[in-house]
Amino acid sequence: MADRAEWTDGDPERRPGVLRRLTWWADAMAYDDENDRSAAIGQSPENLRQALIKLMWIGIWMAYMGAPVSDLVDGHHTVPATVCGALGLLAFVAIYLVLVFRHTGRALSRAAVFGALGTCCVLAAVLTLTMGDAWLVLCVYVSVAYGAVLPLRLARWAIPLNTAFMVAVGVLVRGSHGLVSALVIPSLLGGFAMSGVRQMVRTTRALRAARATVAQLAANEERLRLARDLHDLLGHSLSLITLKSELAGRMLPDKPEQAARQVADIERVSRQALVDVREAVSGFRRPTLEAEVAGARTTLAAAGVAADLSRAAAHHPDLPPDQEGALAWALREAVTNVVRHSGARRCAVTLDEMDDELCLTVTDDGRGATGPHGNGLTGLAERLQLADGRLETGPGERGGFVLRALVPLSRGVRVEAPSPAAP
């Protein structure tokens, strides 16, 4: 008996939205997914536009139904035969679209699948035997339907059997021997190609589910790590502060000097606890250049600013983590200022190596600076200074505003290659 998951191919349950504490890379991925106008591979259409796009791609292959339609239009049959043929063709197309469109998105039951496939097979045989050899192409669509909805171990037998069935029906129809030989390869190729597409869809679903699971596990692991660190750091400190507060309260009426010492101890312990908490969360809050470049691309695009990030390669082997974090904060602050305050239409981000420093340059064509630095740029300058870097700002050569953040690279002594001797 076939496995239920293999028959249903249902989408995995949707995971929650992007967690607030994930990096801008995750936010950029979520923004792209929400604004994608076409349904992702292996996902059911979520709106009318996605359904129409998917139906259009399926409908392209319905062009081969032109032979039966032409046979009906040419008037070779009586009126009752033409009406019956048209109704049979409409029923066949409707069942085929339900199988390929509906079942690949939201799975039907096994009984419904077998019933629909059997009906298609019977309609193809009856219409071909009664209407003529032009209707033999319906058997090719039956092979495609087999590949679209049956498990691989059943499809690899059903498709050749349906092809043999098509040949047998073709033998019974006068003058169809040439057409039968021409449809054997399309029947086999179309059926097995659809089986390959179905396997690709299943693999894509599995990869999408695995990616969502990995992201959720990483976020949960980081939460657990932070919870453990905060518990270990603050548990002892807060207990000590509570005890000393109670002790100072009992000493206040009669022993003010000893109570003052207890209050001083409380201050010292609380300051140390604050330092420990900052050290514990520093790694959790440190951004990366790769994530910030992706976030900058998404943010500028959402604000309608033409972005040029072709020279913003985020990876550098000699860039230490602290310096990378400072540059990432600089890029985030610069892009935020471009979007909120500059009114710019274009923005360029570059990362260039200058001697033993890495320079991040953000240039826009906006209004430029209209006053002294605000809190954002002031804090950014302090952050770069802690990373042994510096911040440079000013007007651009053609107007606008230019921000440069420079940090040192951690490389050894560089040995200059000897220049070639002059002839």
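The values are calculated or read from the model by the stated rules, or taken from the named source; none is laboratory data. Predicted model only: the values in this text are computed from it and were never measured. All Cβ positions, glycine included, derive from the backbone under ideal geometry; neighbour counts span all protein chains shown. Note: accessible area is taken over every heavy atom of the protein model, side chains too, but ligands, DNA and RNA are not part of it. Shrake-Rupley method; radii C 1.70, N 1.55, O 1.52, S 1.80 Å.
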Original post:
(1) of a type in the set (Val, Ile, Thr); (2) out of contact with any helix residue (DSSP H, G or I) (no Cβ under 9 Å at 6 or more places or on another chain); (3) at pLDDT below 85: which one isn't true of VAL197, the others all being true?
Top reply: (2)
Original post:
From the list LEU351, LEU406, which one is at pLDDT 85 or above, of a type in the set (A, V, I, L, M) and in contact with a His (Cβ under 8 Å, 6 or more places away or on another chain)?
Top reply: LEU351
Original post:
Failed condition for HIS77, given (1) open to solvent by less than 60 Å² (accessible area, probe 1.4 Å); (2) assigned to a helix (DSSP H, G or I), with all others met?
Top reply: (2)
**OP:** Considering each residue of segment 300-322, count those that are touching a Ser or Thr at 6+ places or on another chain (Cβ under 8 Å) and open to solvent by less than 60 Å² (accessible area, probe 1.4 Å), and give that number.
**Re:** 5
Original post:
Can you tell me how many residues in segment 338-360 are under 27 Å from the mean Cα position of the chain (by Cα), buried (at least 17 other Cβ atoms within 10 Å of the Cβ) and part of a strand (DSSP E or B)?
Top reply: 4
**OP:** Tell me, yes or no, whether segment 324-337 has at least one residue that is open to solvent by less than 20 Å² (accessible area, probe 1.4 Å), touching a residue at least 24 places away in the same chain (Cβ under 8 Å), under 22 Å from THR393 (Cα atoms) and assigned to a loop (DSSP other than H, G, I, E, B).
**Re:** no
**OP:** Please determine, by comparing only the residues of segment 369-399 that are open to solvent by 70 Å² or more (accessible area, probe 1.4 Å) and in a helix (DSSP H, G or I), which one is modelled with the lowest pLDDT.
**Re:** ASN375
**OP:** Assess whether PRO68 counts as being of a type outside the set (S, T, N, Q), loosely packed, with under 11 Cβ neighbours inside 10 Å and modelled with pLDDT of 70 or more.
**Re:** no
Subject >> The listed residue being open to solvent by less than 30 Å² (accessible area, probe 1.4 Å) and within 40 Å of the chain's Cα centre (by Cα), out of ALA125, ALA116, ALA134 >> reply: ALA116
Subject >> Which listed residue, of LEU52, LEU97, LEU108, is surrounded by fewer than 20 Cβ atoms within 10 Å (Cβ to Cβ), at pLDDT below 90 and under 19 Å from ALA193 (Cα atoms) >> reply: LEU97
